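Student: Below is the structure I would like to discuss, written out as structure tokens.
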Amino acid sequence: MTDDGKYEAVCSRDARFDGEFFFAVSTTGIYCRPSCPAITPKRKNIRFYPTAAAAQGAGFRACRRCRPDAVPGSAEWNARADVVGRAMRLIGDGVVDREGVAGLAGRLGYSARQVQRQLNAELGAGPLALARAQRGHTARILLQTTGMRAAEIAFAAGFASVRQFNDTIREIYATTPSELRAARPGQTTRFGPVGSGDGAAGIPLRLAFRGPYAAAEVFDYLGDRALAGLEEITGERGARTYRRTLRLPNGAGIAEVDEAPGAGGWLECRLHLCDLRDLTCATQRVRRLFDLDADPYAVGERLGADPALAPLVALRPGLRAPGAADPQELA
């Protein structure tokens, strides 16, 4: 898309492009998702960024109204097999937090300098900045959905120190962790449920997706192929719960996902983790399993142009291609 096309999407508050790009307003110092309900800024005051990390690196802070970090990711990163696409998937899996930039580069088969150069050239942010933005998002989830202490959240989100955690939250959200927790949204918000526990009962998440979502077909698929002892589906069709075990870098976990999509475009999920440092990794693996970053509008447009496929596409809007929580297991 051209910048003018992106501005048209912002003017129409088009949620189809949430997560595909972000826009920042030079007069306010804030960056938003395209569907932000605030008054549309003038074109001359807007800059566009491919990632939240790029907007943060340019000195902008996240909008408190539209929560630009609570959007589905770009479908591009699940389809591309080049260095940038592979790097984005590995960063989402927490490789930079666990192994650093050198570990990421080693997995990609490139030098750290080459990886840094390619990510900066295409995304406007390097691997450290991308991982930092992800840690900030994880920390916000824990602050607003659990009663964990701030120090515990800092290390669970992947920060090296409490000071780094505090500085990042202030820079991204222009507020302190305690103020961010006090401003936790209500039960009806589209951005995340409220909890008061310590995470022992499961960390509640709302996994956002764009467009329609054919949840019944996805759950049918997973139910037909469930592996005894690893996966199970309970409940009646339309109100089922899928559970599965997860093998994560720091321990085991269990994911629970409810079939009925939320009105704001999300699936309810609860994660039970032996080690909270695995939260980001577990979240990304569940997202891949349920294909939550897909672009159903692009799929419908492309497949709907085929005379043989068009009736099937219209019959099942939002049909997804389930992925895998563990690639080796699926193979």
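The values are calculated or read from the model by the stated rules, or taken from the named source; none is laboratory data. Being a predicted model, the structure only gives us computed values, none of them experimental. A quick note on method: Cβ atoms are made from the backbone with ideal geometry, for glycine too, and the neighbour counts reach across all protein chains shown. All accessible areas refer to the heavy atoms of the entire protein, side chains included, with ligands and DNA or RNA removed. Shrake-Rupley method; radii C 1.70, N 1.55, O 1.52, S 1.80 Å.
Student: Just need log10 I(q)/I(0) for the chain at q = 0.14 Å⁻¹, Debye formula, equal scatterers on the alpha-carbon atoms, no solvent, rounded to two decimals.
Tutor: -1.22
Student: Next up: Between MET1, TYR31, ASN78, whose Cα lies farthest towards the positive end of the dipole of the range 1-130 when Lys and Arg beta carbons carry +1 and Asp and Glu beta carbons carry -1, centred on the Cα centre?
Tutor: TYR31
Student: Also, quick follow-up: Can you tell me which of THR40, THR175, THR27 moves the most in a GNM of the chain? Springs connect C-alpha atoms under 10 Å apart.
Tutor: Of the options given, THR27 has the highest mean-square fluctuation.
Student: Using a 10 Å cut-off on Cβ atoms, rank the peptides 248-260, 87-99 from the highest mean neighbour count down. If you can, show how the numbers build up before the last one.
Tutor: Values: 248-260: 18.1, 87-99: 21.1.
Averaged packing, sorted descending, gives the order 87-99, 248-260.
Student: Using a probe of 1.4 angstrom, how much of the accessible area of the chain is carbon and sulfur, in percent? Don't skip to the answer; put the middle values down first.
Tutor: Numbers: 8130 of 15380 Å².
The value for the chain is 53 percent carbon and sulfur by accessible area.
Student: What whole-number value in cubic angstrom gives the convex hull volume per residue for the C-alpha atoms of the range 75-183?
Tutor: Working: hull volume 11.5 nm³, N = 109.
Dividing the Cα hull volume of the range 75-183 by its residues yields 105 Å³.
Student: Could you give the accessible area per residue of the chain, probe 1.4 Å, as a whole number in Å²?
Tutor: On the way: 15380 Å² over 331 residues.
So the chain comes to 46 Å² accessible per residue, rounded to a whole number.
Student: Further question: Sequence-distant or interchain residues sharing an amide H contact under 5 Å with ARG240, placed H: which?
Tutor: GLU259, ALA260
Student: Treat every Asp and Glu Cβ in the range 75-183 as -1 and every Lys and Arg Cβ as +1, leave all other atoms uncharged, and give the resulting dipole magnitude about the Cα centre to the nearest 20 debye.
Tutor: Details: 14 positive and 10 negative charges, 22 e Å.
Magnitude of the dipole: close to 100 debye.
Student: With r defined as the distance between the Cβ atoms of ALA151 and ALA298 and R0 fixed at 56 Å, what FRET efficiency is calculated, to the nearest 0.05?
Tutor: On the way: r = 43 Å, r/R0 = 0.77.
About 0.85, to the nearest 0.05.
Student: R0 = 41 Å: FRET efficiency of ALA81 with ALA228, Cβ-based, nearest 0.05? Mind showing how you got there, number by number?
Tutor: Details: r = 33 Å, r/R0 = 0.81.
E(calc), rounded to 0.05, equals 0.80.
Student: Hey, another quick one. Quote the FRET efficiency, to the nearest 0.05, computed for GLU329 versus GLU99 with a Förster distance R0 of 30 Å and r equal to the Cβ-Cβ distance. If you can, show how the numbers build up before the last one.
Tutor: Values: r = 22 Å, r/R0 = 0.74.
For GLU329 and GLU99, the calculated efficiency is 0.85.
Student: Helix by helix, which DSSP H runs in the chain go 24 Å or more along their axis at the Cα atoms and have an average Kyte-Doolittle hydropathy of -1.0 or more? Let's see the in-between values first.
Tutor: Working: long enough: 127-145 (27 Å, -0.01).
Passing helices, by number: 127-145.
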